[in-house]
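Down below is the structure, laid out as structure tokens.
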Amino acid sequence: MKRHLRTPVCLLAAVALGAGTASAAGDPHWVNTGTAYTDTLGGGQGLASRADGSLLYRGLASIPLDLRIKGWNHVGDPDIARGHTFDAYQGPDTATSKMFAVTTPAGKRYEYVHRLNPGEKLNNSFATVSPDGQWLVSGEWGEQKRLQVFPAPLLNPATPPTGGDLKEAWQITLDRPVRDIQGCDFVTDTRLVCASNDGSGTLFPEIRPLLQVDLERKVDGQPITGTVSSLFALPQRSVCSGTFEAEGVDYDVNSGTLRTQMIPPGVCAVATAVSSYGQVTD
């Protein structure tokens, strides 16, 4: 995710329009069901659905003071698994580590620090946990052909019970490059959806696409491959003109609702558009 956060001087109305997917007859596809808005400062970096259907948002204002003092100045797209909240943190450009904070249902927070491997970027754009609760998937910024896989802190018995070092288990190797992934979430054991902030149109025809990653099998901590396809361009409509920024993505397994975030340009950036989708079959 980008390190900066826009700070507009006033709020203007923003209008977002959803998009559907092109699919073969009889195949399920996503259909836009509505758009809501959230405060960008407090919720523009990501979101996750709780078991009761309510939403958890993350933004610059969400970073606790004690973590900010330690140098963790950016929070990414979160996830909630087994009632535990997983947050992805990164530090300054000189950082040699990234950190995942896990908050238990009782409100106790533990910090798991991953020291960067050779060639690994410092970015920590998102955290998503596999449906079995055992593996945490994250990603870096820029053009990549991989997603990173870690044992899920607290939920995987291979991790320390009260925080500590977190080593990478292995990686998901993608069959084609992706760029600027801001968030991913599991839809099934073998499928993720990922929000890309790629505005170039060079890797996929769509500008800022929602991508689908189909895995050859369930994530198990061993090398695995993923097939990437583009579903549709994320909605980019606003009364303001300029460059949009795609952010977090969430799939609510209980309601079947997919949500994506888009920060509009200019002074409209104070409010992040949250688009909702349902899956239908023609």
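Things worth noting here:
- Residue selection: GLY221 satisfies the criterion of being at pLDDT below 95 and within 28 Å of ALA152 (Cβ to Cβ).
- PRO209 at negative phi and surrounded by 14 or more Cβ atoms within 10 Å (Cβ to Cβ): yes
- Check on LEU47, in a strand (DSSP E or B), touching a Lys or Arg at 6+ places or on another chain (Cβ under 9 Å) and touching a residue at least 40 places away in the same chain (Cβ under 8 Å): yes
- Within the stretch 126-153, the set of residues being farther than 19 Å from GLY226 by Cα and in contact with a Phe, Trp or Tyr (Cβ under 7 Å, 6 or more places away or on another chain) comprises ALA152, PRO153.
- Residue in the stretch 232-247 that is surrounded by 22 or more Cβ atoms within 10 Å (Cβ to Cβ), assigned to a loop (DSSP other than H, G, I, E, B) and among the small types (Gly, Ala, Ser) present: yes
- Selection within the stretch 168-211 - within 13 Å of the chain's Cα centre (by Cα) and among the polar types (S, T, N, Q): GLN182, SER196, ASN197
- Flag if SER200 is surrounded by fewer than 23 Cβ atoms within 10 Å (Cβ to Cβ), small (Gly, Ala, Ser) and in a strand (DSSP E or B): no
- Strands (runs of 3 or more DSSP E) contained in the stretch 66-142 and holding at least 3 residues surrounded by 15 or more Cβ atoms within 10 Å (Cβ to Cβ) and among the aliphatic types (A, V, I, L, M): 97-103
- Residue tally, condition closer than 15 Å to GLN134 by Cβ, part of a strand (DSSP E or B) and either touching a helix residue (DSSP H, G or I) at 6+ places or on another chain (Cβ under 7 Å) or of a type in the set (Val, Ile, Thr) (or both), over the stretch 155-194: 1
- The stretch 259-282, subset in contact with a helix residue (DSSP H, G or I) (Cβ under 7 Å, 6 or more places away or on another chain) and small (Gly, Ala, Ser), residue surrounded by the most Cβ atoms within 10 Å (Cβ to Cβ): ALA269
- Qualifying residue in the stretch 8-26 (condition: more than 17 Å from the chain's Cα centre (by Cα), at pLDDT 95 or above and either surrounded by 14 or more Cβ atoms within 10 Å (Cβ to Cβ) or farther than 27 Å from ARG191 by Cα (or both)): no
- Consider the stretch 145-154 and keep the residues that are among the hydrophobic types (A, V, I, L, M, F, W, C) and in a loop (DSSP other than H, G, I, E, B). The one that is surrounded by the fewest Cβ atoms within 10 Å (Cβ to Cβ) is LEU154.
The values are calculated or read from the model by the stated rules, or taken from the named source; none is laboratory data. Just so you know, these numbers come straight off a predicted model, no measurement behind them. A quick note on method: Cβ atoms are made from the backbone with ideal geometry, for glycine too, and the neighbour counts reach across all protein chains shown.
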